[in-house]
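First up is the structure itself, then whatever we jot down about it.
The values are calculated or read from the model by the stated rules, or taken from the named source; none is laboratory data. These numbers come from a predicted model, not from an experiment. Positions of Cβ are generated from backbone atoms using ideal geometry, with glycine treated the same way; all protein chains shown enter the neighbour counts.
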Amino acid sequence: MALANSAEQPLPVRTVARSISEWVARLGRVWVEGQVTQVSRRPGTVFLTLRDPVADASLSVTCARSVVDAVVPPLEEGARVVVHAKPEFYLGRGTLSLKAIEIRPVGVGELLARLERLKGVLAAEGLFDADRKRRLPFLPRRVGLVTGRASAAERDVLENARRRWPAVRFEVREVAVQGHLAVEQVVGALRELDRVPEVDVIVLARGGGSVEDLLPFSDEALCRAVVACLTPVVSAIGHEPDSPLVDLVADVRCSTPTDAGKRVVPDVREESTRIAHLRDRARRVALGTVERERHRLEAVRSRPVLAAPTTLVDGRRADVLSLRDRARRCTSGRLAAAGHDLDHVLARVVALSPQATLDRGYAVVQDEDGAVVRDADAVPPGADLQVRLARGTLLVTAD
């Protein structure tokens, strides 16, 4: 039932606290699973914190020392446990805690079964698909490295990468790689490096260990953080047989940290050798092309048309001269024939012209209008007439 209250009639703290305590008491005993993050042993009583790494939630737990001593193997920070407890709300401090009556460690078999279930969930979401994996850059400007503090894994990655490419630069983040703080610190370092523009690839490196030691790298929160990264992520966790879930979501999985150091950068000697081979190949191709074209040019130059280029011209020149002479002869002959024809026509015209008749002593009589007089009776007496001779004209008067 809701408590009657208002701004004018507020509830006392003790009333609200008592109501909360009563509601919490109604929950009864519950089984709770989580990861132990803090253990404080005091005479007769043990205080610990139970954390959910996925939701980043935690609860305080108190229990008798005998309950903790009964846990086999001994309870340590980072262990995953199932606690049978009753929720309690303390009025004096206003805090909620669990009063544990039994603590059971989560066995390896059960852990593996839970990892298989989580693996199925992530696979169903497509987080393991090959098409979402990104290729590593050929030569990263800077390599991000998330590893344990002063660990052998860090040394293996750095030494092998620098042995292959001495100029490689690293951004190293040293974090806890096992225990209850591992997931939080690894995720934080991963996100920090992902925000650095110069970092082109991020390597997660850790040496081998037991299933419990490598458990943080199968954590759901860490797997999803790797998927969310914009920078390609290389997983180098443990040895070849080890396969935490982060190996499946990472863009590249390396069997060991040593292998990761070899994968993230090229080998300067191999690249120099490859460049030398390519240079020699390019030189051979260029020389072969030049030599082939030289032979082709020589073959072209040896052809008659290029060996004696004037031969064809000389032959055509002779043809042109012959045609020119023929044209000249034909033209001269036609002109001569036309000249003879013209002389004949001219002779005929001269022979048939009136002038020729006049030259033979004949005359042409014309009246005043220039008309030829053919009949003497048609000329009246006293008419002026023109008598045209072979040379000159006479003016006469008819009688």
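Only a single criterion out of (1) in the same structural domain as P244 (by TED's automatic domain parsing); (2) under 24 Å from A189 (Cα atoms); (3) more than 26 Å from the chain's Cα centre (by Cα) is not satisfied by L115, namely (1).
Residue by residue, here is whether (1) touching a Ser or Thr at 6+ places or on another chain (Cβ under 9 Å); (2) of a type in the set (S, T, N, Q); (3) touching a residue at least 60 places away in the same chain (Cβ under 8 Å); (4) not assigned by TED's automatic domain parsing to the domain that holds G179 holds:
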{"site": "C223", "(1), (2), (3), (4)": "no, no, yes, no"}
{"site": "V226", "(1), (2), (3), (4)": "yes, no, no, no"}
{"site": "L230", "(1), (2), (3), (4)": "no, no, no, no"}
{"site": "A236", "(1), (2), (3), (4)": "yes, no, yes, no"}
{"site": "P244", "(1), (2), (3), (4)": "yes, no, no, no"}
{"site": "V249", "(1), (2), (3), (4)": "yes, no, yes, no"}
{"site": "S255", "(1), (2), (3), (4)": "no, yes, no, no"}
{"site": "A260", "(1), (2), (3), (4)": "yes, no, yes, no"}
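Out of region 166-192, which residues are free of Cβ contacts under 8 Å to residues at least 60 places away in the same chain, within 27 Å of S58 (Cα to Cα) and aliphatic (A, V, I, L, M)? Lay out the reasoning, then the answer.
Step one: list which residues in region 166-192 are free of Cβ contacts under 8 Å to residues at least 60 places away in the same chain, which gives 167, 169-177, 185-192.
Subset that is within 27 Å of S58 (Cα to Cα): 173-177, 185-192.
The answer is V175, A176, V177, V186, V187, A189, L190.
For region 99-113, the condition holds for at least one residue, the condition being that it is assigned to a loop (DSSP other than H, G, I, E, B) and surrounded by fewer than 19 Cβ atoms within 10 Å (Cβ to Cβ).
Yes or no, residue by residue, for (1) outside the structural domain of L98 (by TED's automatic domain parsing); (2) touching a strand residue (DSSP E or B) at 6+ places or on another chain (Cβ under 6 Å); (3) in contact (Cβ under 8 Å) with a residue 12 or more places away in the chain:
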| residue | (1), (2), (3) |
| --- | --- |
| N5 | yes, no, no |
| V24 | no, yes, yes |
| L27 | no, yes, yes |
| V36 | no, yes, yes |
| S40 | no, yes, no |
| P43 | no, no, yes |
| L50 | no, yes, yes |
| P74 | no, no, no |
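Counting the residues of region 344-364 that are in a helix (DSSP H, G or I), closer than 21 Å to V387 by Cα and out of contact with any helix residue (DSSP H, G or I) (no Cβ under 9 Å at 6 or more places or on another chain) gives 6. For V387, the conditions (1) touching a Ser or Thr at 6+ places or on another chain (Cβ under 9 Å); (2) surrounded by 14 or more Cβ atoms within 10 Å (Cβ to Cβ); (3) at pLDDT 80 or above are fulfilled apart from (3). Within region 266-286, the set of residues being among the basic types (K, R) and not in a helix (DSSP H, G or I) is empty. Annotation note: of A363, A337, the sole residue that is without any contact (Cβ under 8 Å) to a residue 12 or more places away in the chain, small (G, A, S) and out of contact with any His (no Cβ under 8 Å at 6 or more places or on another chain) is A337.
Evaluation of A123 against the conditions (1) closer than 22 Å to T256 by Cβ; (2) outside the structural domain of L222 (by TED's automatic domain parsing); (3) surrounded by fewer than 16 Cβ atoms within 10 Å (Cβ to Cβ) shows that the sole unmet condition is (1).
Inspection of region 356-379 identifies no residue that is among the basic types (K, R) and modelled with pLDDT of 80 or more.
Go through region 29-74 and give me each residue that's small (G, A, S) and either under 58 Å from the mean Cα position of the chain (by Cα) or over 23 Å from G92 (Cβ atoms) (or both). Before you say what the answer is, go through the steps one by one.
To start, the set of residues in region 29-74 that are small (G, A, S) comprises 34, 40, 44, 55, 57-58, 60, 64, 66, 70.
Of everything in region 29-74, those that are small (G, A, S) and either under 58 Å from the mean Cα position of the chain (by Cα) or over 23 Å from G92 (Cβ atoms) (or both) turn out to be G34, S40, A55, A57, S58, S60, S66, A70.
Among the residues of region 252-265, those identified as buried (at least 19 other Cβ atoms within 10 Å of the Cβ) and assigned to a loop (DSSP other than H, G, I, E, B) are C254, T256, V264, V265.
With the requirement that a residue be farther than 18 Å from H84 by Cβ, surrounded by 15 or more Cβ atoms within 10 Å (Cβ to Cβ) and at pLDDT below 85, what does region 18-68 give you? Passing the criteria: S21, T37, P53.
So if I check each of L181, L222, which one is within 34 Å of the chain's Cα centre (by Cα) and within 23 Å of V36 (Cα to Cα)? Talk me through it step by step, then tell me what you get.
Working: L181 fails: within 34 Å of the chain's Cα centre (by Cα).
Just one listed residue meets the conditions, L222.
Screening I275 against (1) surrounded by 10 or more Cβ atoms within 10 Å (Cβ to Cβ); (2) closer than 30 Å to L127 by Cα leaves a single unmet condition, (2).
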